[in-house]
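Below is one structure, written out as structure tokens; the observations come after it.
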Amino acid sequence: MAQEKVRITDLPRMKAAGTPITMLTAYDYPFAKIFDQAGVDILLIGDSLGMVVQGADSTLPVTLTDVLYHLKMVVRARQRALVVADLPFLSYQVSPEQALRNAGRLIKEGAEAVKLEGGTTMSQTIRRVVEIDIPVMGHIGLTPQSIHRMGGHRVQGRHSGRGAGCRERLLDDAAAVEEAGAFAIVLEGIPADLAAEITGQLSIPTIGIGAGSSCDGQVLVMHDMLGLSEAFVPRFAKPYARLWQEAAAATTSYIKEVRERSFPGPQHWYGNKRA
């Protein structure tokens with residue numbers, strides 16, 4: 001039986017009911033279709049594609065054109081899930097007007113919402129985008145586009161204070177994102193007790209990644225969830241499969257059979273049929 005389409009208006013109801021929200025990144029048609037049919041609530045075309053698809057060492061090189069390319073493939077596969085697309089680095093920070101233009105481009109290509117990083121400093125930008133009826137998902141804590149300022153992928157919110165990355169600052173950031181009109185917020189790389197506090201204070205859903213189990217939902221990069229990374233897996237991630245090793249073993253078997261001439265066998269041949 002077909003599942004009902006997930007819409008932004010469903011997420012507050014899920015929070016109120018205590019139903020955890022599931023979210024995965026997706027970058028192409030086959031995996032988006034698998035996740036959608038399995039029942040994932042939100043598909044995110046994340047700028048994480050820079051690292052897991054393009055092989056870069058950060059998300060910073062990703063362009064809006066890159067996100068649009070992958071967005072189109074995911075939208076073709078999606079039937080049920082809500083589709084959210086990242087605004088990549090320097091596609092929204094210059095001005096609210098720039099954010100409006102680029103968010104609009106993502107919506108035109110099938111995204112149902114956009115995600116951007118930043119709290120208090122981005123609240124006016126979030127407000128402007130929301131004012132023209134483009135839904136915005138916020139993202140605070142460990143924000144990969146701020147990797148240089150943070151000195152790497154480091155847990156945020158461990159120390160008291162209102163400086164960048166401090167506990168009280170993150171509480172302020174979360175409140176500012178909600179007040180600006182975001183429909184949900186990603187909490188990444190923060191202590192579990194702080195994530196629980198933010199979740200309890202906000203009326204909008206929180207989606208955790210490396211933020212404990214008290215958030216209203218969870219998100220993982222698909223490559224981490226499927227074991228499609230060669231070696232490194234973040235502490236907060238759980239591989240539910242080992243597809244890297246399985247793909248490597250399959251490729252080794254293919255090479256062996258080609259070299260032995262056992263593939264292709266007669267069952268893989270085309271015969272000559274004559275009238």
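The values are calculated or read from the model by the stated rules, or taken from the named source; none is laboratory data. This structure is a prediction, so every number in the text was calculated from the model and none was measured. Glycine gets a Cβ as well: all are built from the backbone with ideal geometry, and neighbour counts include every protein chain shown.
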Response to the item:
The number of residues in region 6-30 that are in contact (Cβ under 8 Å) with a residue 60 or more places away in the chain, out of contact with any Leu (no Cβ under 8 Å at 6 or more places or on another chain) and over 20 Å from Q201 (Cα atoms) is 1
Worksheet item: Restricting the search to region 94-124, which residues are outside any loop (DSSP other than H, G, I, E, B) and among the hydroxyl-bearing types (S, T, Y)?
Response: T120, T121, S123
Worksheet item: Which of (1) over 22 Å from V129 (Cβ atoms); (2) over 12 Å from the mean Cα position of the chain (by Cα) does T22 not meet, given it meets every other one?
Response: (2)
Item to complete: For residues that are in contact with a strand residue (DSSP E or B) (Cβ under 9 Å, 6 or more places away or on another chain) and either of a type in the set (A, V, I, L, M, F, W, C) or within 19 Å of P135 (Cβ to Cβ) (or both), scanning just region 151-172, find the one that is surrounded by the fewest Cβ atoms within 10 Å (Cβ to Cβ).
Response: V155
Practice prompt. Can you run down the residue pairs with Cβ atoms below 9 Å, 6 or more apart or on separate chains, where the first is in region 241-260 and more than 26 Å from D224 (Cβ to Cβ) and the partner is hydroxyl-bearing (S, T, Y) and at pLDDT 95 or above?
Written response: K256/S262
Discussion item. With the structure loaded, tell me whether G208 is surrounded by 12 or more Cβ atoms within 10 Å (Cβ to Cβ), closer than 30 Å to G181 by Cβ and under 28 Å from the mean Cα position of the chain (by Cα) or whether it fails that test.
Written reply: yes
Worksheet entry | Qualifying position, being modelled with pLDDT of 95 or more, buried (at least 23 other Cβ atoms within 10 Å of the Cβ) and assigned to a helix (DSSP H, G or I), among L43, L71 | L71
Discussion item. Here are the criteria: (1) part of a loop (DSSP other than H, G, I, E, B); (2) of a type in the set (G, A, S); (3) more than 27 Å from H148 (Cα to Cα). Tell me which single one S253 does not satisfy.
Written reply: (1)
Response to the item:
Going through (1) touching a strand residue (DSSP E or B) at 6+ places or on another chain (Cβ under 8 Å); (2) without any contact (Cβ under 8 Å) to a residue 60 or more places away in the chain one by one, V53 fails only at (1)
Fill in: Scan of region 31-50 for residues that are within 18 Å of W244 (Cβ to Cβ) and without any contact (Cβ under 8 Å) to a residue 12 or more places away in the chain, ordered by number
I34
Practice prompt. Looking only at region 219-226, decide whether some residue is over 23 Å from A32 (Cα atoms) and out of contact with any strand residue (DSSP E or B) (no Cβ under 6 Å at 6 or more places or on another chain).
Written response: no
Item to complete: May I ask you to verify whether V233 is over 30 Å from D10 (Cα atoms) and either under 19 Å from the mean Cα position of the chain (by Cα) or aliphatic (A, V, I, L, M) (or both)?
Response: yes
Worksheet item: In region 74-93, how many are in a helix (DSSP H, G or I), buried (at least 20 other Cβ atoms within 10 Å of the Cβ) and more than 15 Å from the chain's Cα centre (by Cα)?
Response: 1
Worksheet, complete the sentence: Given (1) within 24 Å of V233 (Cα to Cα); (2) in contact with a Pro (Cβ under 8 Å, 6 or more places away or on another chain), M14 misses just (1)
Discussion item. So if I check each of T65, T59, which one is within 30 Å of G152 (Cβ to Cβ), hydroxyl-bearing (S, T, Y) and crowded, with 20+ Cβ neighbours inside 10 Å?
Written reply: T59
